[in-house]
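Q: Dumping the structure here so I can ask a few things about it.
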Amino acid sequence: MNAKKMVKLSNGIGFVAVISLLYWVIIFITVQVFGLKIFKEHITEVFIYSIIGILVLMSGALMINVMINLTRIAEKINNDNELGKTTKNRKGILVFLVSIPLIIMGLFLGNFLSTKKIERELKMSGDEIISTYRSEIDTITDYSLSKEWINSVVNIINFMLRIDTNITDAAIILEDEINGNNFYLTFNRWDEISKNENTEINKLRYIRNYDFKERQYLERVFNDGYNEKYFIQNNDSYDLFIPYRNGEKTIIVFFSNRQRYGSLSK
C-alpha cells in the first residue's frame, strides 16, 4: 500500500471516529437535557457527560492534527488537487450540519412514540383491571376512614398489581374534609394497618403532593363531574388517573408504570 492510500485510509478512519464521537455527544446531551426516553440506559450526572465531552474534544483535536500532517505530507508527494479536496470537504461539512437537526428530530419522534405506546398500554391495562374488579371497587366507594376500610383498599390494590405487568403501582384517590377544607386523600399498597394497632387514624397521613395540573384535574373530577382519563409523564414514571363513579360517590383509580428504560429499547 503506497503513501497516498495509507493517508486516505487513516484520514477516513479518523474522520469516521471524530464524526461518530460528535454525533454521540449531540445525541447524549439532547437526551439528557430534554429527558427523552429512547435508550436502554441514560446517565444523569453532569460530571459524566462533561468528561465525555472533554475526551471527545481531545480525541478530535489529536486526530485532526495527525490527519492534517499526513495530508500535507501526501500533498507534497502526490501533488493532490486542492480544489477538488476543498469541494469534498465543504460537502462533508454541509452533510454533517444538515444531519444534526435531523438526528435531534428523530430523537424527539422516538420519545413521542415511546410515550404514546406506554400511554396506550397503560390505559388498556387500567380499563381491564377496573372491569375485572368492578364489584370490589364498588365496595370501597362507600368511604369510611377506618382500619377495616383502609385494609380492604390495600388488599384490592395488591390484587390489581398482580395481574398486569404494565402496572407497577396503584392507588385510590378520594376527596375528604379536614378542618373545614377539602383535601385529596391517597391510599396505596403501603397503608395497611396492623390488627394490633390501636392508634387514631390521622387523615394528614394520606395527603399526597400533586402538581398544579394534577390538582386542576382532581378538582374537575370531584367538583365538576369530569369523567375523562388523565395521562401524564413524570420523569421515569407514567401515571394514569381514571375516574370511577358508583351512584353519587366518586373516587379516582390511579395507575403508574415506572420504567428505568425507554420502551423503544426493548
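Q: On a straight-distance basis, which aspartates and glutamates could pair with K195 in a cross-link, Cα separation under 16 angstrom, same-chain partners fewer than 8 positions away excluded?
A: E148
Q: Classify the range 134-258 as rounded, prolate or oblate from the Cα gyration tensor: take a ≥ b ≥ c as the square roots of its eigenvalues, call it rounded if a/c is under 1.5, otherwise prolate when a/b beats b/c and oblate if not.
A: Rounded, since a/c falls under 1.5.
Q: For I193 and I26, calculate 0.36 nm times their separation in residues minus their Cα-Cα distance, and state this gained length in nm to one decimal.
A: So the chain would gain 55.1 nm between I193 and I26.
Q: With r as the distance between the Cβ atoms of M105 and R245 and R0 = 35 Å, compute the FRET efficiency 1/(1 + (r/R0)^6) and round to 0.05.
A: The computed FRET efficiency comes out at 0.25.
Q: Then there's this: Taking 35 Å as R0, compute the FRET efficiency from the Cβ-Cβ separation of Y210 and R90 and round it to 0.05.
A: Efficiency, from the Cβ-Cβ distance: 0.05.
Q: Same structure again: Between E219 and N151, what is 0.36 nm times their sequence separation minus the Cα-Cα distance? Round to one decimal in nm.
A: Extra length from E219 to N151 when fully extended: 21.9 nm.
Q: What is the calculated FRET efficiency for I163 to Y226, with r their C-beta to C-beta distance and R₀ = 30 Å, to the nearest 0.05?
A: FRET efficiency, I163 to Y226: 0.65.
Q: Can you spot the aspartates and glutamates whose alpha carbon is less than 13 Å from K203's alpha carbon? Ignore those fewer than 8 places along the same chain.
A: Reachable aspartates and glutamates: E175, D176, E177, D191.
Q: Just to be sure I understand the model, the point goes 7 Å from the Cα along the line to the Cβ. What's the resulting S144 to I130 distance in nm?
A: Going by the 7 Å Cα→Cβ label model, 2.6 nm.
Q: Holding the Cα-Cα limit at 24 Å, pick out from K229/K249; K147/K229; K116/K229; K117/K249 the pairs that are longer than that.
A: Beyond 24 Å between Cα atoms: K147/K229; K117/K249.
Q: Something else now. Sorted by average packing, counted as other Cβ atoms within 10 angstrom per residue and highest first, what order do 176-184, 193-201, 114-122, 152-160 take?
A: 152-160, 114-122, 176-184, 193-201
Every number in this text was worked out from the coordinates using simple rules, so none of it is lab data. Model, not experiment: these values are computed from the prediction. For neighbour counting, all protein chains shown are included, and Cβ atoms are generated from backbone atoms with ideal geometry for every residue, glycine included.
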